[in-house]
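Data first, discussion second: the structure below is written as C-alpha cells.
The values are calculated or read from the model by the stated rules, or taken from the named source; none is laboratory data. No experiment lies behind these values; they were computed from the predicted model shown. A quick note on method: Cβ atoms are made from the backbone with ideal geometry, for glycine too, and the neighbour counts reach across all protein chains shown. The accessibility values were calculated without ligands, DNA or RNA, using every heavy atom of the protein model including side chains. Shrake-Rupley method; radii C 1.70, N 1.55, O 1.52, S 1.80 Å.
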Amino acid sequence: MKEITEKFDMEKVIEEFERLTKDAENVQKETLKRILEENASAEYLQSLGLNGRTDPESFKACVPLVTYKDLEPYINRIVDGDVSPILTGKPITAISLSSGTSQGKQKCIPWNDELFETTVQIYQTSFAFRNKEFPIQNGKALSFIYSSKLSQTKGGVTAGTATANVFSHPGYRHTMQALKSPSVSPDEVIFSPDFQQTLYCHLLCGLLFREEVSLISAPFAHSLVNAFRTFEQVWEELVTDIREGVLSSRITHPFIRTAMSKLLTPNPELANLIHKKCIGLSNWYGLIPELFPNAKYLLGIMTGSMEHYLKKLRHYAGEVPLVTSEYGSSEGWIASNVNPKVAPEFATYVVLPQIAYFEFIPLKQLDGTKVELEPVGLTDVKIGEEYEVVFTNPAGLYRYKLGDVVKVIGLRNSTPEIRFIRRNNLMLTINIDKNTEVDLQLSVETASKLLAEEKIEVIDYTSYIDLSKEPGHYVIFWEISGEASDDVLDECCTCLDKSFVDLGYVSSRKVKGIGALELRLVRKGTFQKILEHYVGLGASAAQFKTPRCIGPTNTKVLQILLENVVKNYISSAYN
Ligand code: AMP
C-alpha cells in the first residue's frame, strides 16, 4: 500500500511538472504576483512605487536590476536585527552565508520557509525523473553532507550556510525519507563542527551499511572526489575500527563518539572483506562498486567548474553512472535535471517556472565585445543564445543578477532547457585579453593530457595575475598526483600558454604586452589547505568550489599557494 502511494506521488510530481512547464508564461506571471502580493508591504518595493501592481510590465518598469552590492545596505539592517518589513512582508529571521569561493567575498542571503519549500519542490522533481531511470527500493544514501552549526548574528538573526539552513530545517529528514534517500549517517555526524571528522564517519557509516547504500551523493562533485581521495588515506584505519568495533581516536567530539558507538560492534568478517577488496584494486579503479555493490548512481552537481573532477570520479565509480543533480545557488533554485541518463558533460537543466520569477539578460557579441541587452522573460529566450540569469525570489531578492551565464539548449514544453556555461566575471585579464573560467578550464584540460600520458593527473588548479614585474603575466597553480619530469612540466606550461586562444591574449603575448605564462607546482595537500581555510571562515565544505582565480585581495589563499610552491616553469611559447 505504502509503495503504491509513493509511486502515485511521483507520478503526480511529474504530471505537475508537465502542467507547469506547458503553461510556463502564466505560471511565471502567477509566481511574480504571489511574490509581490506577499511582500507588498516591504519598504524596498514601496519605495519603488509599485503601488500594489503585480504585472511583469509594471514590475520591470519600477524595479531596477540589482546585484548583491545594491541590496547589501538593506540586508545589513536585517542582519543587525531590524524586523520591520524591509525586503519582505514577513520579517526575515535567517540568513544563508554563501561560500565566498566564487566571488571572493561571503554574502548574506535572506532565507525563509518559502525557500525551503522550493528546495523540496526541486528535489522532488529531480528525484521523480531520476527514479524512473534508476529506481531505488527503500535504499539509503551515503551523503557527504556537512552542516556547519547555525549561529546568531548580533541582531538575533540565525546565520548559517545555505546547506546548514536546509539540513537543519524540521522538514528535511522527512523530505529525504520520502525521496528514499535517508542518510546512513546519524545527525550527530552531519552536524559536527569538524568536517574532517564528519567525513571520516560518513565513510565509516557507508561501510557499515554497505549493502544498503543505493545512492552516493554530495551537493557538489568536488566533495565526492575529496571523500574517496580521503578514503585512500584512511581505509586501513576504517578497517581497524570495524574489526575492533572501536572508533578511531581521531574522532574527538564526544557526541559523535556516542552516536557512532551505537553503530559499531566488532565485525572481523566485514573488516576482512573490505581489506581484501581494497588490496585487490588496481590504483583504486572501480572502488565504489566494490565497496557499495548496490549503489545505483552517484549524484551531485557535476557541471561547470565541477567538470574537472569527473575524470577522477569515473575512475572511482567504474560502471556506476554519474548523475548531475540540480542547478541553484544560496540565493535560490533555478532548474532541475529531468534527463538523468545524460552524461554530465552534456547535461541540461529545465527551469522550474513556479520557484521564482526569471529573466535572462542576452549576452551578445557585438564588434568583438560582449554587450548586455535588455532582459527577456523565461518564455522569450532564444535557443542557442547565452544569457545571464536574473531572478526574483520569495525571500526578498528582486531582479537579482546571479552572475551566472547559461545557454539555452532547447525547450521542455514551454520552459527553457539550459546548460550552465560559467560565472559571468572575467577572470584573467591584464590588458586587452579576456579569459573566463571556461577558457582556463579548457587550457588546463588540454595541457593535462600531456600529464595523463605519464599516468599523472591534475588534482586541482587555480590561477593568479602576477603584476609584480612588467609586463604582467598569468600564473597557473597545479597540484598533481605524482612525480613528473621537468621536461613534461615544461611542455605542459608552454601548452597552457598556447591554449589560451583569445585574440587579445595571443596578440598581447606576441608583442610582449603580456609576459610568458608561468606554471607553479604546489605541494600535495595544498588545495585541501585552501578548503580548510574557507571552512575555517564559516563556509560549508559541502558547497566548496575551488576559486579558479585568486584576486590580489585574497591574501590568505595566495599566501597558502605561494608557501607551497615546489617548482616553477616558464612558457617558451611566442619566444
Ligand atoms: P553557492 O551559492 O555557494 O551554492 O554557489 C552557487 C553557484 O554554484 C551558482 O551561482 C553557480 O555558479 C554554481 N552552480 C550551482 N549549481 C550548478 C550547476 N548545476 N552547474 C554548474 N554550476 C552550478
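Using a 1.4 Å probe, what is the accessible area per residue for the chain, in Å²?
On the way: 24060 Å² over 575 residues.
Per residue, the chain has 42 Å² of solvent-accessible surface.
Search the structure for amide H atoms under 5 Å from the amide H of Ser463, placed 1.01 Å from N in the peptide plane, and list their residues when 5 or more places away or on another chain.
Phe477, Cys549, Ile550
Grab the DSSP H runs of the chain that are 4 residues or longer, score each as -39,500 (n - 2.57), total them, divide by all residues and round the 222 nm result to the nearest 500 deg cm²/dmol. Before the final figure, lay out each step's value.
Numbers: 20 runs with 228 residues, N = 575.
Rounded to the nearest 500, it is -12000 deg cm²/dmol.
Using the crude model of +1 on Lys and Arg Cβ and -1 on Asp and Glu Cβ, and no other charge, please compute the dipole size for the chain relative to its Cα centre, in debye to 20. List each step's numbers first, then the result.
Values: 61 positive and 71 negative charges, 87 e Å.
Charge dipole of the chain: 420 debye, to the nearest 20.
Radius of gyration and Dmax for region 282-345's Cα atoms, expressed in Å?
Reported Rg and Dmax, both Å: 12.9, 42.
Compute the projected area of the convex hull of the Cα atoms of the chain, averaged over all viewing directions, and report it in nm² to one decimal place. All intermediate terms of the calculation are to be shown ahead of the outcome.
Details: hull surface 107.5 nm².
The orientation-averaged projected area of the Cα hull of the chain comes to 26.9 nm².
Can you pull a Stokes-Einstein diffusion coefficient for region 135-320 at 20 °C (1.002 mPa s), Rh from Kirkwood over Cα pairs, as a whole number of µm²/s? Before the final figure, lay out each step's value.
Values: Rh = 17.1 Å.
Once the numbers are plugged in, D ends up at 126 µm²/s.
Label 7 Å along Cα→Cβ of Arg19; region 31-48 residues with amide nitrogen under 17 Å?
Correct set: 31.
Taking Cα centroids, how far is region 398-418 from region 220-292 in Å?
41
Just the number, please: carbon plus sulfur as a percent of the accessible area of the chain, 1.4 Å probe, no ligands or DNA/RNA counted. Write out the running numbers ahead of the final one.
On the way: 12690 of 24060 Å².
Reported share for carbon and sulfur atoms: 53 percent.
Quick one: which of Lys312/Lys556; Lys434/Lys512; Lys107/Lys401; Lys296/Lys545; Lys449/Lys512; Lys29/Lys69 span more than 21 angstrom between C-alpha atoms? Please report the intermediate quantities before stating the final value.
On the way: Lys312/Lys556 28 Å; Lys434/Lys512 16 Å; Lys107/Lys401 14 Å; Lys296/Lys545 26 Å; Lys449/Lys512 27 Å; Lys29/Lys69 27 Å.
Correct reply: Lys312/Lys556; Lys296/Lys545; Lys449/Lys512; Lys29/Lys69.
Using a 1.4 Å probe, how large is the accessible area of Asp80, given in Å² and rounded to the nearest 10?
Near enough 110 Å² of accessible area.
Setting aside same-chain residues fewer than 8 positions from Lys277, which aspartates and glutamates have a Cα under 17 Å from its Cα?
Output for Lys277: Glu211, Glu232, Glu236, Glu237, Asp241, Glu269, Glu290, Glu319.
Mind checking Rg over Rh on region 511-575, alpha carbons, Kirkwood formula for Rh? Can you show the working numbers first?
Details: Rg = 14.6 Å, Rh = 13.6 Å.
Computed over Cα atoms, the ratio is 1.07.
Considering amide H positions built from the backbone, and no H for Pro or chain starts, which residues 5 or more places from Glu417, or on another chain, come under 5 Å of its amide H?
Amide H neighbours of Glu417, under 5 Å, 5+ apart: Ile409, Gly410, Leu411, Arg412.
Taking Cα pairs under 8 Å and at least six residues apart, what relative contact order does the chain come out at, in percent?
On the way: 1109 pairs, mean separation 80.9, N = 575.
Reported relative contact order: 14 percent.
Could you rank His253, His174, His202 by how accessible they are, 1.4 Å probe, largest area first? Walk me through the numbers before you get to the answer.
Numbers: His253 45, His174 135, His202 0 Å².
Result of the area sort, largest leading: His174, His253, His202.
Can you tell me the relative contact order of region 427-570? Whole percent, Cα pairs under 8 Å, sequence separation 6 or more.
Contact order relative to length: 29 percent.
Let me know the volume per residue of the alpha-carbon convex hull for region 162-246, in Å³.
Details: hull volume 9.2 nm³, N = 85.
So the per-residue hull volume is 108 Å³.
May I ask you to rank Glu437, Glu30, Glu11, Glu457 by accessible area, largest first, using a 1.4 Å probe over the protein chains only?
Numbers: Glu437 25, Glu30 110, Glu11 90, Glu457 50 Å².
Ranking Glu437, Glu30, Glu11, Glu457 by accessible area, largest first, yields Glu30, Glu11, Glu457, Glu437.
Could you run the Karplus curve 6.51 cos²θ - 1.76 cosθ + 1.60 with θ = phi - 60° over region 109-120 and give me ³J(HN,Hα) per residue in whole Hz, x for Gly and Pro?
Ordered by residue, 3J(HN,Hα) equals 10, x, 10, 8, 4, 4, 5, 4, 4, 5, 4, 4 Hz.
Dividing the convex hull volume of the Cα atoms of region 427-570 by its residue count, what figure in Å³ per residue is obtained?
Here the figure is 106 Å³ per residue.
Pop the C-beta distance of Leu558 and Glu11 into the FRET formula with R0 = 51 Å and round what comes out to the nearest 0.05. Spell out each step's value before the answer.
Values: r = 53 Å, r/R0 = 1.03.
After rounding, the FRET efficiency stands at 0.45.
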